Structures are given as C-alpha cells and as structure tokens.
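These notes concern the structure reproduced below.
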Amino acid sequence: MKVMAMLAFPLFTAWHTNRHSWLPLPDLVWLLLYIIYLIVFAIFPVQEVCQHDLPPASSIIILSEQIRFMLKVHAFVRENTHKVLSYKKTKGLKPKSDPPAETDPADKEEDDATNSLDKTEKENQPLPEFGQYLYFLFCPTLIYRDQYPMTPCIRWNYVVSNTFQTLACIFYTYYLFARFCVPVFRNIGKGHWSFKHFTLSVFSCMLPATMVLVLGFFAILHSWLNAFAEMTRFADRMFYKDWWNAASYADYYRTWNVVVHDWLYAYIYKDIVKYVKSRQLATVSVFILSAIVHEYVLMFAFRFFFPILLIMFGAVGLSFVFLKPKKHENVSQAWNVFMWITLIIGNGLLMCLYSQEWFAIQNCPSKSTSLLDQLSPRSWSLECLHSKGDSG
C-alpha cells in the first residue's frame, strides 16, 4: 500500500509535465487514469486480506491503513491540482485592451515591477517535492500543505509513553472482549436463542462496548497520533476536542475525530455546497459516505454482510444530527445526558448484533450457496435460532 500511495506522486508529476509537452493528453484521460488508480488501490488490499484469510483485528488494521492512504492521496491531488491548472492560464498572449492613461514614469516603473513580480510568482508556483509528499504520508493529518508548523526537537520519552499507552489499551480491549463478549455469544447456534436472551445480551454489552469505544478513541486519536506527531515533529495536534461535553450529535461528530472531520469538510462538504448550493445535501452526503466506508471495513474484516452500522450511522445517527438545542439559549445538561445514553445504547447494540452474527456463522454455517442466503443475517435464521442443541 505504501508503494501504491507513493506512486501517486510521479503520476501527478507526469500529468503536469505532459500538459506542456509537444503532444499533451487531454485532462480527461488523466482523470480517468486517476479513477483507475483509486479503483486498483481499493481492490488490492481487500484481495490480500481475503486471500490470506486474515483475522478481524489484522484485517481492520490493513483496511484502515488503506483508507488513510487513499484519503491522503486524494488530499494531495486536490490541493495541488489548481497549481497545475493555473500554470496553463498564465501562458499565451494577453487580450488586447485600451491604451492606459498617462502616468508618472516613476509610478509606471514601480507598477510594472510589481506586476512582473506577481506574474512570475504565479507562473513559477512550484509543485511540491517528493520529500514534502513523503512527509505528508506519515504525519498525522489528512489535509495537505506544503509546509506544516514543526516542533524544535523530538521527545523520545513522550513517544515511548504514548506507545505504552496504546499497547495497554489494546490489551485491555482484548480483555473486555474475552471477558464480556465471547462468553455471552459463543454458544449461539448451538442452542435456543430467544428475544429475552437478546435483550439481556444488549444490556450486558452496553458498558463493555462503551469502554471499547473510549479505549479506541484514547489509543488512536490521543496516544497513537501524538506518538507519530512527536516523531515527525508535527506541531498541530488538535486531533479531537471535548466531544464528551457535546450537547448534540452535530457537536459530537465535529469534535470526536477532528482529523477525519477536517478532510470531509474540506473535500466533500465544501465542494457540494460550492457547486450544488445545498448544505443539507452536503451534510447527508458526508454521513452516507462515512457510513459506507465504516461498513466497508467491517464487512471485509468479518467476511459477512451485516449493514447494522450502515443503518445506525447513516440513518439513525444522521437523524440525530438535526436534533439539537436552539441557538442563543442556555443549553441544558439534559442534552449531554441524552447524547451519552443513546451512545451507550447504540454501542451495546452494535457489539451484541455483530458478535451474535459472528458466532452464528461459526457455529451454524449456512448450507446454501445462493447469494440471497449469503447476504441474509445468519443469526436471524430459524435454523440458527432453533438449532438441534436446543436445551429447552
């Protein structure tokens, strides 16, 4: 994947060079090549994950890295495309205009010097070097800039501390699954499973699932990103805000993951608002895209199609965005309590439903090879709910 991500730089440079060659290809051809490049980038890691039958944790890591690199590549292309296109506009003859009015010779010379300098800066606007692109691939941001604020030195003790925090969160997450998840669901498909069992399982999963959410947040958005920021001397470290104090889901989504939120806002939301003139459509598009990407990772990590996260994120979560207190009024703490209660319930449902489906497929595999049967939830089938191991 790293090679694929690095390949974007010479391809982008080739596009810039070709536009000013004696036989340039149309920009539409290069756009088509870019789309093909993204499709290959999307297929290759998935193929490797499925071919080697990697476990869920390893698959999630690889697919998350794939998404990260693809977002970075797109950010690099988007931020530098205008440099290539504006370079073309500065070429050729200027249109004829009326003769200028007479001015003082000294003022005229000063204006000519200023205009010449501005023109030279536009024409010679440099494309980034490979070192700048390589740094961007590994620094903890998804917004490309030629230069970033940097710290004067690397505090290796801080790097080691954050690395140990990340490892501790991983081990504690494993303990939560081994202690509170596996014992509850490992017998699904071996005995009777009723709505009563399901309800009790959801409640038993609420706190462990919320702990997994908090641990994942702390491990990735705090410890891991701060460790890489320190190693790359990246100074802008606002990876999250105080999402735990959010009074609405709109605030929660904006503050939970600032890194991804900035990318979605800069390259999806603003474009739709600019060209379509609809903030509502932009908001819906951002949520649907984010929900599809999350479901894509889980689908290929678990090897089954079970779009619960897609529904809860893209439908329920989206509807909650428009449920918020009115502006210019004192916000009651009840809004924050509502956010936490629904978040805890939602996490419990996600852990319960995905764990239930995982063990149902392991213990009660489908005997049919039809596409409809493969796409249907195995944990909801009568064969699995009333298996031969029914004890009562």
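The values are calculated or read from the model by the stated rules, or taken from the named source; none is laboratory data. Every value quoted in this text rests on a predicted model; they were computed, and no experiment measured them. Backbone-built Cβ (ideal geometry, glycine too); neighbour counts: all protein chains shown.
Scan segment 271-280 for residues that are in a helix (DSSP H, G or I) and surrounded by fewer than 13 Cβ atoms within 10 Å (Cβ to Cβ) and jot them down. Talk me through it step by step, then tell me what you get.
Within segment 271-280, the subset in a helix (DSSP H, G or I) is 271-276, 279-280.
Answer for segment 271-280, where residues must be in a helix (DSSP H, G or I) and surrounded by fewer than 13 Cβ atoms within 10 Å (Cβ to Cβ): Lys274, Tyr275, Val276, Arg279, Gln280.
What residue, of Phe320, Phe239, Phe302, Phe338, is aromatic (Phe, Trp, Tyr), surrounded by 13 or more Cβ atoms within 10 Å (Cβ to Cβ) and within 30 Å of Gln47 (Cβ to Cβ)?
On the way: Phe320 fails: within 30 Å of Gln47 (Cβ to Cβ); Phe239 fails: within 30 Å of Gln47 (Cβ to Cβ); Phe338 fails: within 30 Å of Gln47 (Cβ to Cβ).
Residue meeting the stated conditions: Phe302.
Looking at segment 1-12 only, could you name the residues that are surrounded by fewer than 13 Cβ atoms within 10 Å (Cβ to Cβ) and farther than 17 Å from Lys83 by Cα?
Quick first cut of segment 1-12, residues surrounded by fewer than 13 Cβ atoms within 10 Å (Cβ to Cβ) only: 2-3, 10.
Those that are surrounded by fewer than 13 Cβ atoms within 10 Å (Cβ to Cβ) and farther than 17 Å from Lys83 by Cα: Lys2, Val3.
Of the conditions (1) modelled with pLDDT of 90 or more; (2) under 29 Å from Val293 (Cβ atoms), Cys153 satisfies every one except a single condition; which number is it?
Evaluating Cys153 over (1) modelled with pLDDT of 90 or more; (2) under 29 Å from Val293 (Cβ atoms) leaves (2) as the failure.
Going by the conditions given, is Cys153 touching a residue at least 12 places away in the same chain (Cβ under 8 Å), outside any loop (DSSP other than H, G, I, E, B) and more than 24 Å from Val258 (Cβ to Cβ)? Lay out the reasoning, then the answer.
Working: touching a residue at least 12 places away in the same chain (Cβ under 8 Å): yes; outside any loop (DSSP other than H, G, I, E, B): no; more than 24 Å from Val258 (Cβ to Cβ): yes.
It is false that Cys153 is touching a residue at least 12 places away in the same chain (Cβ under 8 Å), outside any loop (DSSP other than H, G, I, E, B) and more than 24 Å from Val258 (Cβ to Cβ).
Would you check if Gln66 is more than 26 Å from Trp263 (Cα to Cα) and part of a helix (DSSP H, G or I)? Steps first, answer last, please.
Details: more than 26 Å from Trp263 (Cα to Cα): no; part of a helix (DSSP H, G or I): yes.
No: the conditions fail for Gln66.
Which residues, counting only those in segment 299-332, are in contact (Cβ under 8 Å) with a residue 60 or more places away in the chain and assigned to a helix (DSSP H, G or I)?
Phe300, Ala301, Phe302, Gly317, Phe320, Val321
How about segment 13-51: which of its residues are in a loop (DSSP other than H, G, I, E, B) and either touching a Ser or Thr at 6+ places or on another chain (Cβ under 6 Å) or exposed (fewer than 12 other Cβ atoms within 10 Å of the Cβ) (or both)? Break it down into steps so the answer makes sense when it comes.
Going residue by residue through segment 13-51, those that are in a loop (DSSP other than H, G, I, E, B) are 19-26.
Correct list: His20, Ser21, Trp22, Leu23, Pro26.
Do the conditions hold for Leu127, that is, is it surrounded by 13 or more Cβ atoms within 10 Å (Cβ to Cβ), of a type outside the set (Phe, Trp, Tyr), within 25 Å of the chain's Cα centre (by Cα) and not in a helix (DSSP H, G or I)? Don't jump to the end; show me each part of the working.
Numbers: surrounded by 13 or more Cβ atoms within 10 Å (Cβ to Cβ): yes; of a type outside the set (Phe, Trp, Tyr): yes; within 25 Å of the chain's Cα centre (by Cα): no; not in a helix (DSSP H, G or I): yes.
The answer is no for Leu127.
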